[in-house]
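Okay, structure first, notes after.
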Amino acid sequence: MSDDDGATWKGGLLLDERESSYPDDRRAEDVAKMHSLDCRVCHWLRQCFIQRYDVRMTETHRKRIRHPHGTDVTAPPVVLLRQCLLDEVQVTPPTLRAALRQMGRNGDEDRLEGSVIKLRRGRFGEVFQEVVEAAYLECAVGWEAYNTAMRDFVMEAVFFDQPQEFSSEVAATPGSWLRSADRLPQIRAALACMRLAYLNRKVADEDRAALDRQWQPLRDASATC
């Protein structure tokens, strides 16, 4: 009670006869439970997102078969998932690998710079390349969906941040891949050669002889395969 508009008070107001209506030990227990529940909910939401994304990308892949222009790498699900990976959102290893596999199917440096290379240079870069290469080698059907990401991995290994201009020095890396007895390096070499040939498809007649000499080491390496 107060007789001076709240300046002072008399007596008290009993809300609960217990020592504490919400004991500290009970509160700590509930907080732990809520934290556990929150983690489970987050994991459930991430799983739902991946599943819905799988459905969306399957539909997009079907459209890509009908329309050769390919997947839109700026589609909202693609952008969202890519940003989650770049932000290093904590997910379980299976979820991470599933997300990286999706990025392998829907990344293209020609269409959106950084859609493959930024992930490759990020925290999950080695896992990203491992997942994509494994899918490329293991898929009896649909392996070509990873072709673009594989090409981008190869070109980064050959040039890194340098201009993509062919030279005898540049030929050394795919040349060493060609001489390997392993399947994967040989695939990398083939992708590198195709890309380099494409980049040099328009060459003036007076430059063809010099370009031909630069390609000679790759011819020699391929002859030993």
Residues in region 86-108: is at least one of a type outside the set (D, E, K, R), within 24 Å of Arg201 (Cβ to Cβ) and either within 11 Å of the chain's Cα centre (by Cα) or assigned to a helix (DSSP H, G or I) (or both)?
-> yes
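One line per residue, one yes/no per condition, for (1) surrounded by fewer than 19 Cβ atoms within 10 Å (Cβ to Cβ); (2) free of Cβ contacts under 8 Å to residues at least 40 places away in the same chain:
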{"residue": "Pro76", "(1), (2)": "yes, yes"}
{"residue": "Leu80", "(1), (2)": "yes, yes"}
{"residue": "Arg111", "(1), (2)": "yes, no"}
{"residue": "Arg120", "(1), (2)": "no, yes"}
{"residue": "Val132", "(1), (2)": "no, yes"}
{"residue": "Glu138", "(1), (2)": "yes, yes"}
Scan Arg179, Arg208, Arg201 and give me the residue that is more than 19 Å from Ile117 (Cα to Cα), surrounded by fewer than 16 Cβ atoms within 10 Å (Cβ to Cβ) and over 32 Å from the mean Cα position of the chain (by Cα).
-> Arg208
Restricted to region 154-170, and to residues that are closer than 14 Å to Met194 by Cβ and crowded, with 16+ Cβ neighbours inside 10 Å, which residue is farthest from the chain's Cα centre (by Cα)?
-> Phe166
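Restricting to region 150-176, count the residues that are part of a helix (DSSP H, G or I) and out of contact with any Phe, Trp or Tyr (no Cβ under 8 Å at 6 or more places or on another chain). Full working, then the answer.
Within region 150-176, the first condition is being part of a helix (DSSP H, G or I), and the residues that meet it are 150-159, 168-176.
Restricting the remaining residues to those that are out of contact with any Phe, Trp or Tyr (no Cβ under 8 Å at 6 or more places or on another chain) gives 151-159, 168-169, 172-176.
Here the count works out to 16.
Bear in mind that the values in this text are calculations on the coordinates, not laboratory data. Note that the structure is predicted; figures quoted are calculated from it, not measured. Virtual Cβ from ideal backbone geometry, glycine too; neighbours counted across all protein chains shown.
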